[in-house]
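First comes the structure, then the notes that go with it.
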Amino acid sequence: MSSSWYTVPRGWVVSLTLASSLACLPSTLLGADDTRADRLVPLARLVQDPTPRVRLEALRALAKIPSAQAAEIALTVLNQPMDPTLDYALWLTINDLAEPWIAALESGAWSPTGREKQLEFALKAIKPDQASRVLAKALAKQPLTREGQGPWIELIGSAGTPAELRPLLDQTLKGGFDDAATARALRALGEASRLRRVQPGGALTEIGTLFSHNAPAVQVEALKLAAQWKQLGSHFPKLGQLAANAETPAAVRTEAFNTLRAIGGAGALESLTTLAGPANSPTIRLQAVGSLAALDLGRAVPVVVELARSLKDETAAQDLWRSVLPVKGAGKAIAGALPASGLDPAVARAGMRVAREGGRSDLDLVAALAKGAGLATDAQAFNTQLIKELAAKAGTAGDPNRGEAVYRRNELACTSCHAIGGAGGKVGPDLTSIGASAPADYLVESLILPNAKIKEGYSSVEITTKDGSEYIGTLARESQQEVVLRNAAGAEQAIAKNDIAKREQGVNSLMPSGLLESLNERDQLDLFAFLSRLGKPGDFDASKGGVARRWYFANLVHTDVQNGNGDWAWKKPLTDPRWKALYGRVNGQLTRQMMEEAARAEFWTGKLAVYAVTEINVTQAGPVHFQLECAPGPEVWVDGKKVGAVGASTADLSAGRHRVVLQIPPQHVPDALRLTSPDAAFVLN
Ligand code: HEC
């Protein structure tokens, strides 16, 4: 067994000792006098055993039987749940059995069809030169099709050497794939570079030719790949052009900025400085200044200050702060440059929140922002006594219905981190039953001093990468090659272990402190009262399903019909920016105010209807009943067919996901609305 090219993660060595002790196997399975077939039959069963420890022992016993069948049986362990120890044991076993397995694959005795996951594991486990041999032979027999059929593109990415990566790149550059396969190939090349540091042999600059591809998904992947390779030659200026062009799709522009930042150097600095300048639109400047700050904080600070003075919109301000403050030292530097007055309070509040979010604690900046906008920083020391008093007061004076509206305010961002009844963000714990399970003073403390007690499983992880970037988030998942964090904005960030310089357990909660400082006492008490009702019987019990809580709103306008797009509400993906996402109240109700806000048109348009959309999953085909509670107005449509109006209605539906659309006359948005169904599961996220 050679493991020189595999770095054994610390802590796994113990598992290895355990694995070879073979303690729980009957000794007959290990005896040298048994015939192979005798031993394989029980091992095939044991490798599927419900106890992971038994599966582990079976794997190591299989390693001692040098045959293709032993490898075949070992790989079936992947049908069961895996853990790092089992992963490692299978990795060792496949290495021991590599040659017989490869021979079986090449002769066709072991066919990968339907076993793509096993093939991928084995290719990653065997030595790179072995994997390269296997891939080269397979591709010679059956070259990649235009649609990139089969698992081969991804396999080249996860196990290929420069010799296999080069033809993949060449086929991509020559237009040898359709759009979807082109994007896949670029992603596979990116993963090879990011996770394994392997790149195609030869020149890489031609990747720049794909920046102007007509499919945005291809543009995005090409840009990401260029950020990995950092070689663009004469194609470099295209990055700035893409970033500056108002026609560039948003996802492509974001990637262009990321790539400029990743490539760095004088060229990128010059380009970003121009893009952050006043000649460009605020959207572009905002993105540019985030990348600029990462490369040269000194140059970025005056631009940040100027933007902070001119912005009025809280969301835009939040984007500004979230893009700049992760840069080391940014808080202090900006604090020193802010004006003593004249800041918009909304902009300052957004900054104060971000400055204390995700375990960050830029107190200098908080103070400077508060001063600049004439806001008070709440220096009040919260002690146990005060927390008890607030909790008691909330119990008598707080109004939970008003509190629910406070909870839903955008500027507090509670819903973007927490879910109730499954509807909402996933950064923090689900709050469905918090009121029934936690005492009132715990709730008050959670909001006022989030760092006092951090809920188990939600402590933060801080990672510094070798290029100096810092990431803070909760651990979403982790594999041998990468760590995935979920940051305070709910976005997942994958960090290759190769790139990690330092990893620490964070001491602070991801929940921002000082969230309540912008609330007056009444709002605070109402919010506490709302939280303390959650999970108790009545209007604030979200534990039962059967009610729509996740909605998407949009308007049907005259031009849609003129352009023959009258039916887009059935087709447009719910991720399209035209839809405005909205969570209903805990009891599922949408109020008129919530609906009107969600359906507000940004410019003058002839509104024909307001669409309110939710989705359901039907497990068994048949009639599905709906109950729509509201004053007359909306009509219920499912899959393009009208099925009813207010009251009860029924639709005959196939199993699977369906879109339910309420068509609301724009002049008659009802006071409140609620949709339930006893037969279908409403989709939450
Ligand atoms: C940036 C994300 C974020 C925002 C915004 C946020 N929280 Fe949290 N919240 C968390 C995380 C993460 C935890 C778990 C860590 C901890 O206990 O501090 C948490 C914990 C809590 C807890 C304790 C839960 C428990 O089970 O112990 C309560 C209650 C809570 N948050 C309420 C709120 C309310 C109300 C708001 C809005 C005013 C809010 N949070 C805003 C991320 C957030």
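Numbers for the structure displayed
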quantity: More than 15 Å apart - percent of Cα-Cα pairs taken over the stretch 264-373; calculated: 57
quantity: Fewest-first sequence of 576, 364 by Cβ atoms within 10 Å of each Cβ; calculated: 576, 364
quantity: Unit charges on C-beta of K, R, D, E only; dipole of the stretch 47-168, Debye; calculated: 160
quantity: Theoretical gain in end-to-end length, residue 283 to residue 127 [0.36 nm per residue, Cα-Cα removed]; calculated: 51.4 nm
quantity: Computed lengthening from residue 648 to residue 306, 0.36 nm per intervening residue step minus Cα-Cα distance; calculated: 117.5 nm
quantity: Positive-pole candidate from 271, 130, 311, dipole of the chain, charges at beta carbon; calculated: 130
quantity: Footprinting exposure proxy for 611, 442 (fewest neighbouring C-beta atoms within 10 Å first); calculated: 442, 611
quantity: Residue 543 versus residue 103: modelled label distance in nm, points set 7 Å from Cα along the beta carbon direction; calculated: 6.1
quantity: Helix-derived mean residue ellipticity, 222 nm - over the chain, DSSP H n ≥ 4, -39500 (n - 2.57), to 500; calculated: -13500 deg cm²/dmol
quantity: Dipole of the chain, positive direction: furthest Cα of 342, 75, 581, with charges on the beta-carbon; calculated: 75
quantity: Surrounding net charge for residue 182, when Lys and Arg each add one and Asp and Glu each subtract one, Cβ distance under 12 Å; calculated: 0
quantity: Prolate/oblate/rounded label for the stretch 461-505 (Cα gyration tensor, a/c 1.5); calculated: oblate
quantity: Extension gain, residue 315 back to residue 685 (0.36 nm per residue minus Cα-Cα distance, nm); calculated: 131.0 nm
quantity: Cα-projected label distance for residue 402 with residue 492, points at 7 Å along beta-carbon direction, nm; calculated: 4.2
quantity: Total lysine pairs under 23 Å (Cα atoms) in the stretch 360-518, excluding pairs fewer than 8 apart on one chain; calculated: 7
quantity: Most positive-pole-ward Cα, 653, 520, 85, against dipole of the chain from beta carbon charges; calculated: 85
quantity: Neighbour-count ranking [beta-carbon atoms within 10 angstrom, fewest first] of 455, 544; calculated: 544, 455
quantity: R0 of 51 Å, Cβ-Cβ distance residue 38-residue 667: FRET efficiency to nearest 0.05; calculated: 0.05
quantity: Translational diffusion coefficient (Stokes-Einstein; Kirkwood radius from C-alpha pairs) of the stretch 12-213 at 4 °C, 1.567 mPa s, in µm²/s; calculated: 71
quantity: Cβ-Cβ FRET estimate between residue 203 and residue 296, R0 fixed at 22 Å, reported to 0.05; calculated: 0.15
quantity: Cβ-placed point charges (K, R +1; D, E -1), dipole of the chain about Cα centre in debye, nearest 20; calculated: 500
quantity: The stretch 609-663 - charge dipole about Cα centre, Lys and Arg +1 at Cβ, Asp and Glu -1, debye rounded to 20; calculated: 100
quantity: Rg(Cα)/(2.2 N^0.38 Å) for the stretch 388-527, N = residue count; calculated: 1.18
quantity: Alpha-carbon gyration tensor eigenvalues x 5, square-rooted, for the chain, Å; calculated: 46, 33, 30
quantity: Lysine pairs meeting the criterion (Cα under 26 Å, 8 or more apart or interchain), as found in the stretch 12-213; calculated: 12
quantity: Virtual paramagnetic centre 7 Å along Cα→Cβ of residue 392, amide N under 19 Å, in the stretch 435-453; calculated: 439-446
quantity: Computed label-point distance, nm, for sites residue 621 and residue 48 using a 7 Å Cα→Cβ extension; calculated: 3.1
quantity: Calculated FRET value between residue 452 and residue 561, using beta carbons and R₀ = 60 Å, to 0.05; calculated: 0.60
quantity: Cα-only Debye scattering, the stretch 550-682: base-10 log of I(q)/I(0) at q = 0.17, 0.22 Å⁻¹; calculated: -0.89, -1.48
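Read-outs: derived from the displayed coordinates by stated rules, not from any lab. Predicted, not measured: the structure shown is a model, and the values here were computed from it. For neighbour counting, all protein chains shown are included, and Cβ atoms are generated from backbone atoms with ideal geometry for every residue, glycine included.
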